[in-house]
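The values are calculated or read from the model by the stated rules, or taken from the named source; none is laboratory data. Fair warning: this is a prediction, and the values are worked out from it, not measured in the lab. No Cβ is skipped: glycine too gets one built from the backbone with ideal geometry, and neighbour counts run over all protein chains shown.
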Amino acid sequence: MKKKIYTDKALIKKRISFSLFILFGLMMILAIRLTYIMIVKHDEYSARAQEQWTSEVKISARRGKILDTNGVELAMSANVYRVDLDLNSIRKYYKANIELKKEREERAAQGEKLNEIKGTLYYSNEELAPVLAEAVGMEEEDVLKALNTTLSDGSEAGSATLIRRVEKDVADKVEAIGKDSEGNGTSITGIIVSPDTKRYYKNSNFLAHVLGTTDADGNGLAGIELQYNTELSGIPGVRMAELDRGGRDLPYTISQYTAPINGSDVTLTIDENIQYFAEKVAETCYQDNKAKAVSITVMDPKTGEVLAMVNKPDFDPNNPREGVDSFEGDTYSDKLQKMWRNRLVNDTFEPGSIFKVMTALAAIEEGVVSDSDVFTCTGSMVVGGRTIRCANVNGHGVQNFADIIKNSCNPGFMQLGEKLGKEKLCEYIKKFGFGSKSGIDLPGEASGIIKKPEDISVTDLATISFGQTNTVSSMQYMAAFNAVANGGTWIQPHVMKEISHEDENGTRVIDKTFEPETKTIATAEQTSELRGYLERVVTLGSGSGTFIEGYHIAGKTGTAQKVINGVYQSGKYISSFVGMAPADDPKVTVMITVDEPGTELYYAGQVAVPYAKPLFTDIFNYLESKFSDENENAILRDVVIPEVRGMKVEEAKKALEDAGLTSEVSGNGGTVKSITPYPGYSVKEGAKVTLNTESEGDGANKVIMPDLSGYSIENAKSLLDKLSIKYEITGSGIVNSQSIPAGELIEKGTITKLQLQSEVKD
């Protein structure tokens, strides 16, 4: 008996020990698990708990404005709305509705009379999705996907954004969900309508490539919007509140609220008025020349500020993907990037004869040339076994230094390059900033390709000297050209003037101003000498179409055959004009490039120069008026009086008004019989023309021969046709001379002979 008792006690002891061991093991496992959860998985589970028991809604910051240099708004954010989903609250809303429905059914079964529920209750995502989709104009499946949003581990998410940037009428529809037609009932808990912003560009395609555009979330995609996205974006705010089991804010807890910090405003160096002039001229040049593209830059050479920058064709930042199919590219993305591409910053090209400005400056600075030096041009020159021709196939003969610049003589500059040598020329090329980014504050700037001295052959030295072989960007070139204009200082080009914000008192606070890098690359004396030579290009050479009486403009033309895949392409050219004014102390610099003109004309003197004159005229008039109310020095355009005889009076007055002229009517007739001065007479803009309605007079069939010098052949033909003057044309290019002197009174149908310019063309 005792033995059995001892046996039972031993067995019990073993069992207790085993149980304690198991219990200890379980406790150790539990301790390890708790340690793992509390330490390793703390952040994850904390976040999950926060998702379940809190409501978090982001509050958008207002994106900063983009302004021109005078404070004119170019891009701003309009007030719209966004719809966010507090998924925790929505799920609790469904649960509460289901419980309410069950309760009411039980009470009704007991015979209790219940009040009618106002509005509509929803019990699942599947019920709510089609109603919400109709309100916001989305596909039902996309709304359902948002309502069923999950976290990365597959668990239910606490929040989701449904749609942004909707107008007030859409926001009102969303807030009315759950209510009846009279507005009775309650909105659905968890569907949050809050203010949002939508980017708006008031002038459509105006300055498109500089401003850029934004994506659906308001982040910059191109241009200034991308370059200064951080400054413009601001910092979003957030509201976080603890919820009860019904998804409502707990009454005795304090919501965490962080106010959004609105984005800063970016003020540009761009002058809206000068930009308008450049836009107008670029569009006209683009259409007239049937070009692949036209680009124009206007700068202040003393500050490096870009006053205007335009590319045609362009796009509307409000609808940044519209028109993409008209651009080249293998894919949609290729076409889109081509459309958004700022060619003045992102593209490089062989500059052609405009580079002769740099070769000339290097030679002057090094003292290897003087105005007495002689250069001989026979129409071509053999270098390294290759025959390189001049634009004037007959040759320029014996010339001095000023002549080879005025005549844009390739053999002359090849001889000048030989005087410099490849090491010195390359030294100056690098000094002028070619081969390195200019540092302009716009995305995607190209560096260009510059040959190293050790890789330059005798032929390369010759071609580089007149603008072939090396490639440059427009911004690189303008930075160097500005140094010629300002007396020798290279200044980093830029489009941002300052970044600022308003404090809580509405006071404007400047956060940052652009401080450009500068360096001296030439001397004031030598650049002044070069500007004198460049003025002769405008008064006597290929830039003569830009000449404005009383205003000293210096400039250079250039026509470069395009290189595609390493091969010069027949019939494809980039034609350029660069200019500065006034030549003795330039206030503005201008660059016009025409990519692949589609007419029979392609020399810069024919396709680019004619558009520089109206651009300079508009800029001069604007700058004069900016500093003088009287504007006594305004440049009035020369206007040819159109033929209006035979028109109704009102029709004639409108035609004269469109031409920039005023009119007065003589007589009581309804039809114009004669006018004073005669059609074809050249007068200044704003001049008065008398419309005679009762008598035709002696000169009813007579017109004045207009001055056609500098006209393109198309424009000359158009004007002569309108005046009923017949013509015979010889040569090619622009009108250089006419057989009937300007101002001579002639009969309609008279034949005039026009000689087109064929010698100095680039």
task: Test T599 against the criterion of being in the same structural domain as E283 (by TED's automatic domain parsing) and under 15 Å from I354 (Cα atoms), and give yes or no.
output: no
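Residue by residue, here is whether (1) at pLDDT 90 or above; (2) part of a strand (DSSP E or B); (3) surrounded by fewer than 17 Cβ atoms within 10 Å (Cβ to Cβ) holds:
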residue	(1), (2), (3)
A108	no, no, yes
L114	no, no, yes
A135	yes, no, no
V143	yes, no, no
R165	no, yes, no
K424 vs. criteria more than 22 Å from the chain's Cα centre (by Cα), at pLDDT 95 or above and more than 24 Å from T303 (Cβ to Cβ): yes
task: Grab the helices (runs of 4 or more DSSP H) fully contained in region 295-409, keeping just those with 3 or more residues being touching a Phe, Trp or Tyr at 6+ places or on another chain (Cβ under 9 Å).
output: 332-340, 356-366, 401-406
- request: Would you please name the residue that is surrounded by the fewest Cβ atoms within 10 Å (Cβ to Cβ), looking only at residues in region 536-555 that are of a type in the set (G, A, S) and outside any strand (DSSP E or B)?
  value: G550
query: Checking K198 against (1) in contact (Cβ under 8 Å) with a residue 40 or more places away in the chain; (2) in a loop (DSSP other than H, G, I, E, B); (3) of a type outside the set (A, V, I, L, M, F, W, C), which single condition isn't satisfied?
result: (2)
message: If a residue must be out of contact with any Lys or Arg (no Cβ under 7 Å at 6 or more places or on another chain) and of a type in the set (D, E, K, R), how many such residues does region 349-381 contain?
response: 4
- line: Of (1) outside any helix (DSSP H, G or I); (2) buried (at least 17 other Cβ atoms within 10 Å of the Cβ); (3) of a type outside the set (D, E); (4) within 40 Å of the chain's Cα centre (by Cα), P679 satisfies every one except (4)
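Conditions tested, residue by residue: (1) at pLDDT 95 or above; (2) touching a Cys at 6+ places or on another chain (Cβ under 9 Å); (3) not assigned by TED's automatic domain parsing to the domain that holds Q337.
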residue: L243; (1), (2), (3): no, no, yes
residue: G246; (1), (2), (3): no, no, yes
residue: E283; (1), (2), (3): yes, no, no
residue: I296; (1), (2), (3): yes, yes, no
residue: E322; (1), (2), (3): no, no, no
message: Taking the criterion of being under 23 Å from the mean Cα position of the chain (by Cα), part of a strand (DSSP E or B) and surrounded by fewer than 24 Cβ atoms within 10 Å (Cβ to Cβ), would at least one residue in region 433-445 satisfy it?
response: no
Index of the failed condition, G506 passing every other in (1) over 21 Å from Q526 (Cα atoms); (2) touching a residue at least 40 places away in the same chain (Cβ under 8 Å): (2)
- request: Scan S737, S724 and give me the residue that is assigned to a loop (DSSP other than H, G, I, E, B), of a type in the set (S, T, N, Q) and either in the same structural domain as T599 (by TED's automatic domain parsing) or out of contact with any helix residue (DSSP H, G or I) (no Cβ under 7 Å at 6 or more places or on another chain) (or both).
  value: S724
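On the given criteria, is F413 in the same structural domain as T539 (by TED's automatic domain parsing) and closer than 22 Å to N486 by Cα?
Criteria not met by F413.
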- prompt: What is the one condition in (1) under 21 Å from S473 (Cβ atoms); (2) modelled with pLDDT of 95 or more that K302 does not satisfy?
  reply: (1)
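When you scan region 75-106, how many residues do you find that are in a strand (DSSP E or B) and either touching a Phe, Trp or Tyr at 6+ places or on another chain (Cβ under 9 Å) or outside the structural domain of G183 (by TED's automatic domain parsing) (or both)?
Qualifying residue count, region 75-106: 4.
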query: Among the residues of region 527-535, is any assigned to a loop (DSSP other than H, G, I, E, B) and surrounded by fewer than 24 Cβ atoms within 10 Å (Cβ to Cβ)?
result: no
- prompt: Which residues, counting only those in region 214-227, are crowded, with 23+ Cβ neighbours inside 10 Å, assigned to a loop (DSSP other than H, G, I, E, B) and not aliphatic (A, V, I, L, M)?
  reply: G218
query: So which strands (runs of 3 or more DSSP E) stay within region 567-645 end to end and still have 3 or more residues that are touching a Ser or Thr at 6+ places or on another chain (Cβ under 9 Å) and at pLDDT 90 or above?
result: 567-581, 588-595
- request: Check off (1) in contact (Cβ under 8 Å) with a residue 40 or more places away in the chain; (2) farther than 19 Å from L720 by Cβ; (3) of a type outside the set (D, E) for Y681 and give me the number that stays unchecked.
  value: (2)
message: Yes or no: region 217-225 includes at least one residue that is at pLDDT 95 or above and not hydrophobic (A, V, I, L, M, F, W, C).
response: yes
query: Restricting to strands (runs of 3 or more DSSP E) lying wholly in region 461-517: which have 1 or more residues that are in contact with a helix residue (DSSP H, G or I) (Cβ under 6 Å, 6 or more places away or on another chain) and buried (at least 19 other Cβ atoms within 10 Å of the Cβ)?
result: 489-491, 496-502
query: Looking only at region 685-719, which residues are closer than 18 Å to I751 by Cα, polar (S, T, N, Q) and modelled with pLDDT of 80 or more?
result: N701, S718
- line: Of (1) of a type outside the set (A, V, I, L, M); (2) part of a helix (DSSP H, G or I); (3) closer than 21 Å to V294 by Cβ, G558 satisfies every one except (2)
- prompt: Applying the selection to region 68-101, what residues are modelled with pLDDT of 90 or more, within 30 Å of E272 (Cα to Cα) and either polar (S, T, N, Q) or touching a helix residue (DSSP H, G or I) at 6+ places or on another chain (Cβ under 8 Å) (or both)?
  reply: D68, T69, N70, V72, L74, A75
field: Close pairs (9 angstrom Cβ cut-off, 6 or more residues apart or separate chains): closer than 10 Å to A608 by Cβ in region 567-578, aromatic (F, W, Y) anywhere
entry: I574/F349; S575/Y602; S575/Y603; S576/F349; S576/Y477; F577/Y611; V578/Y477; V578/F481
